[in-house]
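Below: the structure, in structure tokens.
The values are calculated or read from the model by the stated rules, or taken from the named source; none is laboratory data. None of the values given here were measured: they were computed from a predicted structure. Cβ placement follows ideal geometry from the backbone for every residue including glycine, while neighbour counts extend to all protein chains displayed.
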Amino acid sequence: MINVSVVGATGYTGAELLRILLNHRHVKVKHVTSESSAGKRIDEVIPSLRKKYDLVLEKPDIARLAKESDVAFFALPHGVGGRAIAEFLRHGKKAVDISADFRLKDVKAYEKWYGVEHPAPDLLKKAVYGLPELWRERIRSAALVANPGCYATAATLALLPLLRHKLVDEDSLIVDAKSGVSGAGKKLSSMYHFSEVTENFQAYAVAHHRHTPEVEQTLSETTGRPTRITFVPHLVPMNRGILAAAYATLKKKTSAAAVRAVFENDYGREKFVRLLAGEEWPQTKNVAHTNYCDINLKVDERTNRVVVLSALDNLVKGASGQAVQNMNLMFGFDEGEAL
């Protein structure tokens, strides 16, 4: 058994994390923290957890958490948790950061895209990007895992096999993605009010979403050269889920069977990537409340392009589920434990 703390437990990702950990045979949740709700029972703030947890939310005391925990999940806004994570790691413990603070290796890129000074740049070399399908062995020995963003997970998993096997023009990459409202967290903005979201479908952060450099960093490591994408996200009137459509131009005429063989080679043995058959296209309802990413593809012979569709639950494989998957690898548990 290991003791776990959840720092920032009352947001959507924190709540999802606690639900998943209920089913983990090797975990005891020791502490849950919240700046705004300290002193309240967790089930007062998240009623769905009634009769599941009797923990009281605390102000985060990092020294105490480190003394009584083997690992902590930090579900805090970017720019907030980095210093706390640095202190936690100094006690020799492990951390999974669900924010964006350690995803980008370039401090200047982080500060440009996120608009804040990096809270702990000295840790960037230590952090491992937590996409198990790419960096599983690195994650096993990591003390700090930077959990990927939800859009970044969907986009990267869709494009990786094409670039690994040099099938497409690296300068032709386009990703068009749609997300449910929970992807924005609990922040207050008129854009996410019910009356604005319902019966509506809108693009936002067009060609400047913060997950763009995260995807580009991973793809560039894969290709060995600077690789950029055009990324356009959309908000759709549903609670959870992401559907991403990735487009790329083939370097030469390639059969659909040959492209599919590449995906089967890369993902055929992956626990949480499901490659769909024929004309069965990924749907958000089929991955809701699961840690799966469903993928299928089509070669458009008329335009010499390949289209890859991916779907995942932004709160599970896009956040808390992937965080538990990473923790499982870090502690030598079965990768699918509780998932």
Legend entry - ALA288 being crowded, with 17+ Cβ neighbours inside 10 Å, assigned to a strand (DSSP E or B) and either among the aliphatic types (A, V, I, L, M) or not assigned by TED's automatic domain parsing to the domain that holds HIS211 (or both): no
Legend entry - Residue that is farthest from the chain's Cα centre (by Cα), among those in the stretch 121-180 that are closer than 21 Å to LYS108 by Cα, in a helix (DSSP H, G or I) and not hydrophobic (A, V, I, L, M, F, W, C): ASP122
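Name the single residue that is surrounded by the fewest Cβ atoms within 10 Å (Cβ to Cβ) among those in the stretch 3-48 being among the basic types (Lys, Arg) and closer than 17 Å to LEU339 by Cα. So that I can check it myself, show each step before the final result.
The initial filter retains those residues of the stretch 3-48 that are among the basic types (Lys, Arg), namely 19, 25, 28, 30, 40-41.
Those left that are additionally closer than 17 Å to LEU339 by Cα: 19, 25, 28.
Details: ARG19: 19, ARG25: 9, LYS28: 12.
Among those residues, the one meeting the criterion is ARG25.
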Inset, instruction - Kindly list, by first and then second residue, each pair from a residue in the stretch 146-169 that is assigned by TED's automatic domain parsing to the domain that holds ASN265 and touching a residue at least 60 places away in the same chain (Cβ under 8 Å) to a residue that is assigned to a helix (DSSP H, G or I) and among the aromatic types (Phe, Trp, Tyr), limited to pairs with Cβ atoms under 7 Å and residues at least 6 apart or on different chains. - result: PRO161/PHE263
Inset, instruction - Scan the stretch 122-135 residue by residue and report those that are crowded, with 16+ Cβ neighbours inside 10 Å and either farther than 27 Å from ALA245 by Cα or in contact (Cβ under 8 Å) with a residue 24 or more places away in the chain (or both). - result: LEU123, LEU124, ALA127, TYR129, GLY130, LEU131, PRO132, GLU133, LEU134
Inset, instruction - Scan the stretch 284-307 and report the pairs whose first residue is within 18 Å of THR153 (Cβ to Cβ) and whose second residue is assigned to a strand (DSSP E or B) and of a type in the set (Gly, Ala, Ser), with Cβ atoms within less than 6 Å and a gap of 6+ or a chain change. - result: THR284/ALA311; VAL287/ALA311; CYS293/SER310; ASP294/ALA311; ILE295/SER310
Inset, instruction - Just give me the residues in the stretch 308-334 being in contact (Cβ under 8 Å) with a residue 40 or more places away in the chain, buried (at least 19 other Cβ atoms within 10 Å of the Cβ) and of a type outside the set (A, V, I, L, M), in sequence order. - result: SER310, ASP313, ASN314, LYS317, GLY318, SER320, GLY321, GLN322, GLN325, ASN326
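Residues that are aliphatic (A, V, I, L, M) and farther than 21 Å from ARG136 by Cβ: does the stretch 313-327 have at least one? Even if it seems obvious, please write down each step before you answer.
Residues of the stretch 313-327 that are aliphatic (A, V, I, L, M), as a first pass: 315-316, 319, 323-324, 327.
From what is left, the residues that are farther than 21 Å from ARG136 by Cβ are 315.
Yes, because at least one residue in the stretch 313-327 is aliphatic (A, V, I, L, M) and farther than 21 Å from ARG136 by Cβ.
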Inset, instruction - Would you tally the residues in the stretch 226-248 being of a type outside the set (Lys, Arg) and part of a loop (DSSP other than H, G, I, E, B)? - result: 8
Legend entry - Filter result (assigned to a loop (DSSP other than H, G, I, E, B) and surrounded by 11 or more Cβ atoms within 10 Å (Cβ to Cβ)) within the stretch 209-225: HIS209, ARG210, HIS211
Inset, instruction - Can you work out which of the residues in the stretch 56-81 that are free of Cβ contacts under 8 Å to residues at least 60 places away in the same chain and under 22 Å from ASN328 (Cα atoms) is nearest to the chain's Cα centre (by Cα)? - result: ALA66
